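Q: The structure that follows is given in the form of structure tokens.
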Amino acid sequence: MSSSKIIQGRGCSPGEFEGEVVVSLEPFGFWQGIDPETGIVINRRHDLWRASLANKAFVFPYGRGSTGTPGIFLEAVRNGCAPAAIVNVKSEPMIVACAILAEAFFKVSIPIVEGLPADYQKLLRTGDRVRISGVSGTIEVVSSG
Amino acid sequence: MNLTDEEKQILDGAFGAPQRIALKVLVKLGEAYGADRLVEIASAHVVGSSYQIAGEAGIEIYTQLVEQGARVKVRTTSDPGSIDFARWQQFKTPAGYAERQKKIAELLNRMGVIPTWTCTPYTTFNVPRFGEDLGWSESSAVVFVNSVIGARTNRLAAYVDVCAALAGRVPRFGLHLPEGRRGEVIFELTSDLSVNFEDHYFPALGYRVGQVTGDRIPVILGVRRATFDQLKAFGAAAAASGSVALYHMVGITPEARSLEEALGGRQPAERHVVGTREVQETMTQMSTGQDGPVDVVGVGCPHASLDQMKRYATLLEGKRVHRGVELWICANTVVEEMARRMGYLKTIEEAGAKLMVGTCHNDCPLGAWGFRRLVTDSGKFAYYTPTTVGTECIFAGTEACFEAAITGRVDRR
């Protein structure tokens, strides 16, 4: 896999990640969206229902956020089952706040990159292995899943 | 970001760890969203007051802050908790759960947070003024104070709200800027809908506006009059189905004396016409179940006002809630006390309805009840209760909700 592709976005939260991606095509809200004990999606209306986000790079278009979002997110961070990186078309303040707070209170850095093209499902698929830099805003697909 | 000398000293730790951590969070958020500086706030309102939201992570964060001597710098009120502090046993809340909520209460109290336990703090001890900058969370309260009062706050996230309270500041971007408050999407009511606009159309229209608008700023044309409670219901629904943090209702809300003022001189991105048929379509979408027997009725989302308590008492006068049905009215403790003094509470309780104070169906664990079908007059409840309570949800007007509680059935046709 020498021909790795690189997607250039904008870094919203610093940190580095290398691992698996889980890709959703629908907006996501963490409050009533995941079980913070397991990192598994509990929203039955969502395309990732029953999938695990734990320690993966979670790709979704944008957040649909209750102001309680960081409550659930940080509980997952505390339990070691939060997504380890986030990639969006647009990262709203509610999502970026989750990463800032995780760093401030739990010393966990969660890189966030926004600026994915709208047809991102052509570039990233669940199971792909990627390298993400929240500083340079790059997403490098290392190998396809 | 341009920081004042005092802010730089805070970041250096001159005023202690809690202020340093809080300001660091706010500066990072501001940098991510292009804020030029921080702005001082008149008050804060915090949503991580509920154990259901904050959980053990919240208890850890608050404990750390309290041990470091954290005190809020501005007037700060608490959103609902996850229990009715006086009646949690009556609502079948597990004792261990109630203990954790009480722990949060103790920690917030030590930081100097006023324990209002309400999503309508603007009816109690936290009343913003026009043009004031604030650091608030709770989507239904944010949309109310921005739209109806004309105060200025972004939708803060849980814990960011606590940071704002501790630092007395927020990053200046979005709704703090005049150019961030201009209407973007017009919703024009047909003359038929405008003339025959019923009470329960407010949450239904709000729900539809939220679905279409997302996080942009809607402008509503054609609402002729609206009460405090109707605006509260409209905004709460729009903030739940979308992420609406500010709406302009031309002729009604203070930054929309005219359409031109609401748009701030710009062309709107979209224009939608809404008629009676569209509102009725939305009401159908808001319900996930069919007509039939009902086991729980929820009103008072957002928390009921005293006017609403009077209306509920009138609807229950000489009536009896059907056997096997729970009618719960959610309110804050200030309204509870006034309703008691006015005699409304006596009428309500004699009819077999219950007051649920300082929390609501959404925030309180209700698994022990085994409810199947909930009826509500709230757009926000309609959006969330299928997940939070795990029931079918039927949206109906306030009168129809009380009728359902009394007859034990909901029949919308």
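Q: With the contact rule set at Cα under 8 Å and sequence spacing of 6 or more, what percent relative contact order holds for chain B? Could you put the intermediate results ahead of the total?
A: On the way: 925 pairs, mean separation 69.1, N = 413.
About 17 percent, as a whole number.
Q: Over chain A, what is the relative contact order in percent, taking alpha-carbon pairs closer than 8 angstrom and at least six residues apart? Before the final figure, lay out each step's value.
A: Values: 381 pairs, mean separation 52.5, N = 145.
Computed value for chain A: 36 percent relative contact order.
Q: In the P(r) worked out for chain B, what percent of Cα pairs fall beyond 35 Å? Mind dumping the intermediate values first?
A: Working: 23624 of 85078 pairs.
That fraction is 28 percent.
Q: Please sort by residue number the GluC sites (Glu not before Pro) in the range A:1-58 whose DSSP state is loop and whose Cβ has at most 13 other Cβ atoms within 10 Å. Can you show the working numbers first?
A: On the way: sites: A:Glu16, A:Glu18, A:Glu20, A:Glu37; in loops: A:Glu37.
In loop regions of the range A:1-58 (DSSP not H, G, I, E or B), the sparsely surrounded GluC sites (Glu not before Pro) are A:Glu37.
Q: Here's something else I'd like to know. For the range B:1-54, state the average projected area of the convex hull of the C-alpha atoms over all orientations, rounded to one decimal in nm². Present the calculation step by step, with values, prior to reporting the outcome.
A: Values: hull surface 18.8 nm².
Result: 4.7 nm².
Q: Can you give the local net charge around B:Ala237? Use residues other than it whose beta-carbon is closer than 11 angstrom to its beta-carbon, Lys and Arg +1, Asp and Glu -1.
A: Working: positive: B:Arg208, B:Lys232, B:Lys380; negative: B:Asp377.
Net charge around B:Ala237: +2.
Q: Another question about this same structure. Summing Lys, Arg as +1 and Asp, Glu as -1, what charge do residues with Cβ under 12 Å from the Cβ of B:Glu317 carry, B:Glu317 excluded?
A: Net of charged neighbours comes to +4.
Q: Right, here's the next one. Simple spin-label model, 7 Å along Cα-to-Cβ: A:Ser143 to B:Glu31 in nm?
A: Going from the A:Ser143 label point to the B:Glu31 one covers 3.6 nm.
Q: How many percent of DSSP beta bridges within the range A:5-143 run antiparallel, rounded to 5? List each step's numbers first, then the result.
A: Values: 20 of 30 bridges.
Of all bridge pairs located within the range A:5-143, approximately 65 percent are antiparallel.
Q: Would you mind counting up the charge near B:Ser139? Only other residues with Cβ under 9 Å from its Cβ, with Lys and Arg at +1 and Asp and Glu at -1.
A: Values: positive: B:Arg155, B:Lys380; negative: B:Glu138.
Local net charge: +1.
Q: Tell me the volume per residue, in Å³, of the convex hull enclosing the alpha carbons of the range B:124-187.
A: On the way: hull volume 6.4 nm³, N = 64.
Per residue, the Cα convex hull of the range B:124-187 comes to 100 Å³.
Q: Convex hull over the alpha-carbon atoms of the range B:5-177: what's its volume per residue in Å³?
A: Values: hull volume 18.0 nm³, N = 173.
In the range B:5-177, the Cα hull volume divided by residue count equals 104 Å³.
Q: Still on this structure, please answer the following. Please state, to two decimals, what the Cα-based radius of gyration of the range B:288-410 comes to when divided by 2.2 N^0.38 Å (N = residues).
A: Details: Rg = 13.1 Å, N = 123, 2.2 N^0.38 = 13.7 Å.
Rg over 2.2 N^0.38 Å, computed on Cα atoms: 0.96.
Q: Need one number: convex hull volume per residue for the protein assembly as shown, Cα atoms only, in Å³.
A: Working: hull volume 80.0 nm³, N = 558.
Given the Cα convex hull of the protein assembly as shown, per-residue volume reads 143 Å³.
Q: What is the spin-label model distance, in nm, from A:Lys90 to A:Asp119 if the labels are put 7 Å beyond Cα along the C-beta direction?
A: 2.1 nm
Q: Whole-Hz ³J(HN,Hα) for each residue in the range B:246-261, computed from phi via Karplus 6.51 cos²θ - 1.76 cosθ + 1.60 with θ = phi - 60°, x for glycine and proline: what do you get?
A: 7, 10, 10, 10, 4, x, 10, 8, x, 9, 9, 5, 9, 4, 4, 4
Q: Computed over the Cα atoms of the range B:182-285, what is the ratio Rg over Rh, Rh following Kirkwood? Walk me through the numbers on the way to the answer.
A: Details: Rg = 12.2 Å, Rh = 13.2 Å.
Taking Rg over the Kirkwood Rh, I get 0.92.
Q: Tell me which GluC sites (Glu not before Pro) from the range B:135-217 have a DSSP coil assignment and no more than 15 other beta carbons within 10 Å of their own.
A: On the way: sites: B:Glu138, B:Glu179, B:Glu184, B:Glu188, B:Glu198; in loops: B:Glu138, B:Glu184, B:Glu198.
Here the GluC sites (Glu not before Pro) that fit, given the DSSP loop and packing criteria, are B:Glu198.
Q: Looking at chain A, I'd like the Rg to Rh ratio, where Rg is from alpha-carbon atoms and Rh is Kirkwood's inverse mean 1/r.
A: Working: Rg = 13.7 Å, Rh = 14.7 Å.
With Rh from the inverse mean 1/r over Cα pairs, Rg/Rh is 0.93.
Q: Say the cut-off is 31 Å between C-alpha atoms; which of A:Lys56/B:Lys73; B:Lys28/B:Lys92; A:Lys56/B:Lys24; B:Lys102/B:Lys319; A:Lys90/B:Lys92; B:Lys102/B:Lys354 go over it? The partial results should precede the final answer.
A: Values: A:Lys56/B:Lys73 38 Å; B:Lys28/B:Lys92 42 Å; A:Lys56/B:Lys24 27 Å; B:Lys102/B:Lys319 36 Å; A:Lys90/B:Lys92 41 Å; B:Lys102/B:Lys354 22 Å.
Where the Cα-Cα span goes over 31 Å, the pairs concerned are A:Lys56/B:Lys73; B:Lys28/B:Lys92; B:Lys102/B:Lys319; A:Lys90/B:Lys92.
Q: Within chain A, which is the longest segment that contains none of the trypsin sites (Lys or Arg not before Pro) sitting in a DSSP loop with at most 15 other Cβ atoms within 10 Å? Write down the numbers at each step before the final one.
A: On the way: sites that count: A:Arg44, A:Arg45, A:Arg50, A:Lys90, A:Lys107, A:Arg125.
Counting only loop sites that pass the neighbour cut-off, the longest clear stretch is A:1-43.
Q: Something else: What share of the DSSP beta bridges in chain B is antiparallel, in percent to the nearest 5?
A: Details: 5 of 41 bridges.
Taking every DSSP beta bridge within chain B, about 10 percent pair in antiparallel fashion.
Q: In percent, what relative contact order does the range A:78-145 have, based on Cα pairs under 8 Å that are 6 or more apart in sequence?
A: Numbers: 83 pairs, mean separation 19.0, N = 68.
Once divided by the residue count of the range A:78-145, the mean separation gives 28 percent.
Q: Return the unpartnered cysteines for chain B, using a Cβ-Cβ cut-off of under 4.7 Å.
A: B:Cys119, B:Cys163, B:Cys301, B:Cys364, B:Cys393, B:Cys401
None of the figures in this text is laboratory data; all of them are computed from the coordinates on show. Everything numeric in this text was worked out from a predicted model, so none of it was measured. Quick reminder, even Gly has a Cβ in these numbers, built from the backbone with ideal geometry, and neighbours come from all protein chains shown.
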